[in-house]
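To start, the structure itself, in structure tokens.
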Amino acid sequence: MKQVMVRYKVKPERVEENEELVRAVYDELRSAAPAGLRYATFKQADGVTFVHVAMHEGDGGALTRLPAFRAFQRDLGDRAEEGPVVSELEQIGAFRLLGDAAAQ
């Protein structure tokens, strides 16, 4: 299973827009329910830094093919104060980290 974390900082005046685009991705994920994907987004205490964590089997294309995800990515460069930093993660352990995907 591939595990990736993406961190970026948006311009303060674009936080609400970014959150709306992220929520649209989750709306579409609930409808599509792609197998083998776990995905979570967090906003840090500074209010402008976002962290996305994805765990997926295969190439992870189920997420990137979603129209809402493509809309989210489309102008991220304009919304961002600091561009995305992508890190591959190696899980050492976890306990109820993301819970049941159906309950989210």
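The values are calculated or read from the model by the stated rules, or taken from the named source; none is laboratory data. Everything quoted here is computed from the prediction, not taken from an experiment. Heads up, the Cβs are rebuilt from the backbone with ideal geometry, glycines too, and the neighbour counts pull from every protein chain shown.
Results, tabulated for the structure shown:
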item	result
Helices (runs of 4 or more DSSP H) lying entirely in the stretch 50-104 (those with 2 or more residues that are among the small types (Gly, Ala, Ser) and at pLDDT below 95)	61-64
Close pairs (8 angstrom Cβ cut-off, 6 or more residues apart or separate chains): farther than 15 Å from Gly61 by Cα in the stretch 23-36, among the small types (Gly, Ala, Ser) anywhere	Ala24/Ala68; Ala24/Ala71; Asp27/Ala68
Contacts under 9 angstrom Cβ, first residue in the stretch 4-21 being more than 11 Å from Gly47 (Cα to Cα) and in contact (Cβ under 8 Å) with a residue 60 or more places away in the chain, partner surrounded by fewer than 14 Cβ atoms within 10 Å (Cβ to Cβ) and among the hydroxyl-bearing types (Ser, Thr, Tyr), 6 or more apart	Val4/Ser87; Met5/Ser87; Val6/Ser87; Arg7/Ser87
Residues of the stretch 1-49 satisfying the condition of being among the acidic types (Asp, Glu) and surrounded by 13 or more Cβ atoms within 10 Å (Cβ to Cβ)	Glu17, Glu19, Glu28
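Okay, residues lined up against (1) farther than 20 Å from Arg7 by Cα; (2) touching a strand residue (DSSP E or B) at 6+ places or on another chain (Cβ under 6 Å); (3) of a type in the set (Ser, Thr, Tyr):
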position	(1), (2), (3)
Leu21	no, no, no
Ala32	yes, no, no
Ala35	yes, no, no
Thr49	no, yes, yes
His52	no, yes, no
